[in-house]
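FYI, it's all coordinate maths here, none of it is from the lab. Because the structure is predicted, anything quoted here is derived from the model rather than measured. Please note: Cβ atoms are built from the backbone with ideal geometry, for glycine as well, and neighbour counts cover all protein chains shown.
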Amino acid sequence: MGLEIAFWIMAIVMVAAALAVIFLRNVFRAALALVLCFIAVAGIYVTLSADFLAAVQILVYVGAISVLIILGVMMTREVQNGNPVNKMELPAAIVATLLLGILVYVVTSTPWSISALDPLTPTTMPLATKLFSENGFILPVEIGAVLLLAAILGAIVITREDKK
Amino acid sequence: MTIGLTHYLVLSAVLFCIGLFGALTRRNAVIILMCIELMLNGVNISLIAFSSYVVPQLLTGQVFAIFVMVVAAAEIAVGLAIVLAIFRHFSNIDTNDINLLKW
């Protein structure tokens with residue numbers, strides 16, 4: 001019972017915050033609504049018994065990515081009044097609604113093979129075994145590290161002032 | 001009514017479509033990056049829901065969600081760097097006015 005209530009609270013907060021991100025006129029308030037949406041997504045992860053991923057969601061999204069986005073909003077805030085839309089609003093609304101309808105139809109009509117087992121908790125140690133063991137995901141982990149290094153270097157190179 | 005896999009999948013589809021609509025219609029480049037993050041979060045919810053309902057003892061979906069987070073962090077860093085570089089050159093981040101590569 002408690003799980004259902006938690007799910008519906010998180011779902012309603014999440015969808016409302018996501019709608020606020022795209023419909024609020026003030027860009028800074030949209031960024032704050034995005035933070036609220038990330039926190040609600042972390043709550044959804046908790047209801048799915050993914051405790052490690054909920055902690056990572058708080059650390060990475062709420063802690064790091066939202067700070068980066070708010071920094072970007074602060075540095076570019078004076079140029080644009082509000083959050084204007086382009087000419088494609090009606091076609092984009094039709095496409096998004098159509099995609100949502102198709103996805104909901106497919107999800108509700110597919111007979112998913114639900115497992116009878118309970119999910120693994122806590123997930124931290126099995127996840128570490130999965131990621132770092134001999135026949136696990138150690139190569140993708142290394143590639144992810146290289147990707148992050150390349151992204152950091154690329155961001156530094158792109159934003160650096162030309163000193164000539 | 002108990003919460004099942006379908007609820008989580010419909011929720012992730014709703015979040016993905018809200019993000020898609022925002023990314024297609026907004027003109028502020030930072031808002032577009034925020035909408036892309038919304039879409040990635042929707043995908044993550046569906047991955048973790050599949051992981052805990054279909055293969056609850058294997059955690060494969062959670063490993064995939066971790067890699068999605070890694071790529072999202074790299075994407076937002078490079079994306080905001082590009083937005084700031086564009087802002088420095090044009091003093092503008094309106095995607096309607098940044099059309100140098102358009103013919």
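Both radii come from the Cα set of the protein assembly as shown: Rg as radius of gyration, Rh as Kirkwood radius; their ratio Rg/Rh reads 0.99. For a test of the definition: using alpha carbon positions, the gyration tensor, and the 1.5 limit on a/c, classify segment A:1-83 as rounded, prolate or oblate. Oblate is the answer for segment A:1-83, as a/c is 1.5 or above yet b/c matches or exceeds a/b. Model label sites at A:A16 and B:V71, defined 7 Å from Cα along the beta-carbon direction, differ in position by 3.3 nm. Shielding value for A:113-122 is 4, the average number of Cβ atoms from other chains within 10 Å of each residue's Cβ. Counting only other chain Cβ atoms within 10 Å of each residue's Cβ, the peptide A:100-110 averages 4. Screening chain A for whole DSSP H helices of 27 Å or more along their axis (Cα) with average Kyte-Doolittle hydropathy at least -0.5 returns A:2-23, A:27-47, A:89-109, A:138-159. Gap in Å between the Cα centre of segment B:9-40 and the Cα centre of segment A:34-60? Using only Cα atoms to place each centre, the spacing works out to 18 Å. Note on A:I138 and B:L58: with the Förster distance fixed at 22 Å, the Cβ-Cβ geometry gives a FRET efficiency of about 0.85. Taking label points 7 Å from Cα along the Cα-to-Cβ direction, A:N86 and A:L3 give a separation of 4.3 nm. If the chain linking A:D51 and A:R160 were pulled fully straight, counting 0.36 nm for each residue of separation and taking away their Cα-Cα distance, it would gain 35.4 nm.
Calculated FRET efficiency, A:M75 to A:A128, Cβ-Cβ distance, R0 = 25 Å: about 0.10 to the nearest 0.05. 3J(HN,Hα) couplings calculated from phi for segment B:53-69 with the Karplus curve 6.51 cos²θ - 1.76 cosθ + 1.60 (θ = phi - 60°) are, in sequence order, 9, 9, 10, x, 9, 9, 6, 4, x, 5, 4, 4, 5, 4, 5, 4, 5 Hz; Gly and Pro show x.
Here segment A:16-137 is described by how far its Cα atoms reach on the three principal axes: 51, 38, 26 Å, from widest to narrowest.
From the square roots a ≥ b ≥ c of the eigenvalues of the alpha-carbon gyration tensor of segment B:5-90, which class results: rounded (a/c under 1.5), prolate (a/b over b/c), or oblate? Taking the square roots of the gyration eigenvalues as a ≥ b ≥ c, segment B:5-90 is oblate.
Sort B:28-39, A:62-73 by the packing proxy (mean of other Cβ within 10 Å over each peptide's residues), most packed first.
Listed from highest to lowest mean packing, they are B:28-39, A:62-73.
Using the rule -39500 (n - 2.57) for each DSSP H run of four or more residues, divided by the residues of chain A, the 222 nm mean residue ellipticity is -22500 deg cm²/dmol.
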